[in-house]
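Asks: Just passing along the structure, written as structure tokens.
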2 protein chains.
Amino acid sequence: MELLEERILHDGNVLGENVLKVDSFLTHQVDGELMAAIGEAFVEAFRNEEITKVVTIEASGIAPAVYTAQKLGVPMIFAKKGNSLTMNDELLTAEVYSFTKQVTSTVSVSKKFLDETDHVLIVDDFLANGQAAKGLIDITQKAGASIAGVGIVIEKSFQKGRALLEDTGTRVVSLARLDGFVNGKVVFREADI
Amino acid sequence: MELLEERILHDGNVLGENVLKVDSFLTHQVDGELMAAIGEAFVEAFRNEEITKVVTIEASGIAPAVYTAQKLGVPMIFAKKGNSLTMNDELLTAEVYSFTKQVTSTVSVSKKFLDETDHVLIVDDFLANGQAAKGLIDITQKAGASIAGVGIVIEKSFQKGRALLEDTGTRVVSLARLDGFVNGKVVFREADI
């Protein structure tokens, strides 16, 4: 997605060896027009699927996911981290390991919002080691729902996440794919769309 | 906002004495069309203000805030809870006390995204005791920015939040105002728009 790649080059900050900071338009400050365009790109990429729900994880996944869901005319669900859901709901949960923080945390979705009639598009802001998206796949499968695919805004293609997801038979569509960093500048691999 | 009040009556769940659960369209599963309509309502309510940024707090504030910001053509910033921002940024912080959890937590915004040239609209999903919105007002004031007002999706008018915010000289616009609950049903006060 050219618009996104241009934005990454213009406003992204490369920190150290393999960190790209996009907090000026995606992960802290958010550009709504860009999120709307990202939503349209995901809708176009998965136009042959009869998607019934878009599932993401709080917090940075919410903005791209809600535009995607709105354009599809279906609900968006954001999985919660930790124990923020009230105890009186039956929950679908998955354990997600963070390589950055080196801790395992629980992510949850209320059982009442996903069932075997659902066909789910998973959306997230970043794909690195794939643990968060894999957790959302686990939750979707525990609900008995099918998976249309995973839509990723920025993929770090030099890490193992994509392979982990594709090994589960899941289609991955990434709008920007980072091959690495040379002299503090991002090098892209060809994106999926 | 009639559309929102109807939705609350239809899909909200009253739990116990004073809890309204709206996890089927706002706080866990999210209706993007409704969020877009909420964004339009806030833009209309604050049409005489030259807003430069919309500020909210993760996670449930993000969806209504990003549509509001997009329609205004300005960036949205979501304040982070806990220590999720990287240490190499200068931060604007506020302490927020949660009456529900009985803990005080820190919310933060990177200093680089707010300054004295900004005129800020604060958006949040719920207003009860007003601690979260008050924290966002504090952060905005620490940046030297001015405040256009606070836009709230659902206000619990029987709690003290609105008075707390108005005492700081801040205009509050709530799209639905709950007066209380009678026999497990929501009773509304007249909303601001």
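Asks: Can you tell me how many residues in segment B:39-62 are of a type in the set (S, T, N, Q) and either touching a Lys or Arg at 6+ places or on another chain (Cβ under 7 Å) or surrounded by fewer than 17 Cβ atoms within 10 Å (Cβ to Cβ) (or both)?
Replies: The number of residues fulfilling the criteria is 1.
Asks: Filter segment B:93-113 for residues that are more than 18 Å from the chain's Cα centre (by Cα) and aliphatic (A, V, I, L, M) and give the result.
Replies: B:V103
Asks: Which members of segment B:4-18 meet the condition of being among the hydrophobic types (A, V, I, L, M, F, W, C) and touching a residue at least 60 places away in the same chain (Cβ under 8 Å)?
Replies: Once the filter is applied, which keeps residues that are among the hydrophobic types (A, V, I, L, M, F, W, C) and touching a residue at least 60 places away in the same chain (Cβ under 8 Å), segment B:4-18 yields B:L4, B:I8, B:L9, B:V14.
Asks: A follow-up question, please. Given the criteria among the β-branched types (V, I, T), touching a strand residue (DSSP E or B) at 6+ places or on another chain (Cβ under 8 Å), at the interface with chain B (Cβ under 8 Å from one of its Cβ atoms) and buried (at least 17 other Cβ atoms within 10 Å of the Cβ), does A:I8 qualify?
Replies: Details: among the β-branched types (V, I, T): yes; touching a strand residue (DSSP E or B) at 6+ places or on another chain (Cβ under 8 Å): yes; at the interface with chain B (Cβ under 8 Å from one of its Cβ atoms): no; buried (at least 17 other Cβ atoms within 10 Å of the Cβ): yes.
In short, no.
Asks: Looking at segment B:16-27, is at least one residue touching a Leu at 6+ places or on another chain (Cβ under 8 Å), within 20 Å of B:S105 (Cβ to Cβ) and either modelled with pLDDT under 95 or buried (at least 19 other Cβ atoms within 10 Å of the Cβ) (or both)?
Replies: No: zero hits.
Asks: Can I ask one more? Select from segment B:59-81 the residues that are of a type in the set (A, V, I, L, M) and touching a Gly at 6+ places or on another chain (Cβ under 9 Å) and write down the one among them that is nearest to B:I137 (Cα to Cα).
Replies: B:A79
Asks: Counting just the residues of segment B:104-123 that are in a strand (DSSP E or B) and without any contact (Cβ under 8 Å) to a residue 60 or more places away in the chain, which one comes out surrounded by the fewest Cβ atoms within 10 Å (Cβ to Cβ)?
Replies: Top of the filtered list is B:T104.
Asks: Quick one: count up the residues across segment B:46-84 that are at the interface with chain A (Cβ under 8 Å from one of its Cβ atoms), among the hydrophobic types (A, V, I, L, M, F, W, C) and part of a loop (DSSP other than H, G, I, E, B).
Replies: So the count comes out to 1.
Asks: Please go through segment A:9-19 and pick out each residue that is among the hydrophobic types (A, V, I, L, M, F, W, C) and either in contact with a Gly (Cβ under 9 Å, 6 or more places away or on another chain) or under 16 Å from A:A128 (Cα atoms) (or both).
Replies: First pass over segment A:9-19, keeping only residues among the hydrophobic types (A, V, I, L, M, F, W, C): A:9, A:14-15, A:19.
Listed by number, the residues that qualify are A:V14, A:L15, A:V19.
Asks: Just to be sure before I move on: is A:A133 touching a Gly at 6+ places or on another chain (Cβ under 9 Å), touching a residue at least 12 places away in the same chain (Cβ under 8 Å), in a helix (DSSP H, G or I) and under 18 Å from A:E166 (Cα atoms) in the structure I sent?
Replies: For A:A133, the condition - touching a Gly at 6+ places or on another chain (Cβ under 9 Å), touching a residue at least 12 places away in the same chain (Cβ under 8 Å), in a helix (DSSP H, G or I) and under 18 Å from A:E166 (Cα atoms) - is met.
Asks: Tell me the residue from B:V66, B:V22, B:V74 that is of a type in the set (V, I, T) and touching a residue at least 60 places away in the same chain (Cβ under 8 Å), please.
Replies: It is B:V22.
Asks: Against the definition (of a type outside the set (S, T, Y) and either out of contact with any Lys or Arg (no Cβ under 8 Å at 6 or more places or on another chain) or within 30 Å of B:V19 (Cβ to Cβ) (or both)), how does A:V172 come out, yes or no?
Replies: No: the conditions fail for A:V172.
Asks: What's the number of the condition B:A36 fails, among (1) free of Cβ contacts under 8 Å to residues at least 60 places away in the same chain; (2) over 23 Å from B:A132 (Cα atoms); (3) of a type outside the set (D, E, K, R); (4) surrounded by fewer than 23 Cβ atoms within 10 Å (Cβ to Cβ)?
Replies: Just one mismatch for B:A36, condition (2).
Asks: Could you grab me the full set of residues in segment B:171-193 that are farther than 9 Å from B:E155 by Cβ, in contact (Cβ under 8 Å) with a residue 40 or more places away in the chain and assigned to a loop (DSSP other than H, G, I, E, B)? Steps first, please.
Replies: Filtering segment B:171-193 for residues farther than 9 Å from B:E155 by Cβ gives B:171, B:173, B:179-188, B:190, B:193.
Remaining after also requiring in contact (Cβ under 8 Å) with a residue 40 or more places away in the chain: B:173, B:180-181, B:184-186, B:188, B:193.
Correct list: B:G184, B:I193.
Asks: Sort through A:Q102, A:Q131 and tell me the only one that's touching a Leu at 6+ places or on another chain (Cβ under 9 Å) and polar (S, T, N, Q).
Replies: A:Q131
Asks: Being more than 14 Å from chain A (Cβ to nearest Cβ), touching an Asp or Glu at 6+ places or on another chain (Cβ under 9 Å), of a type in the set (F, W, Y) and over 15 Å from B:V55 (Cβ atoms) narrows it down to one of B:F158, B:F99, so name that one.
Replies: After applying the criteria, what remains is B:F158.
The values are calculated or read from the model by the stated rules, or taken from the named source; none is laboratory data. Everything numeric in this text was worked out from a predicted model, so none of it was measured. Note: ideal-geometry Cβ built from the backbone for every residue, glycine included; neighbour counts use all protein chains shown.
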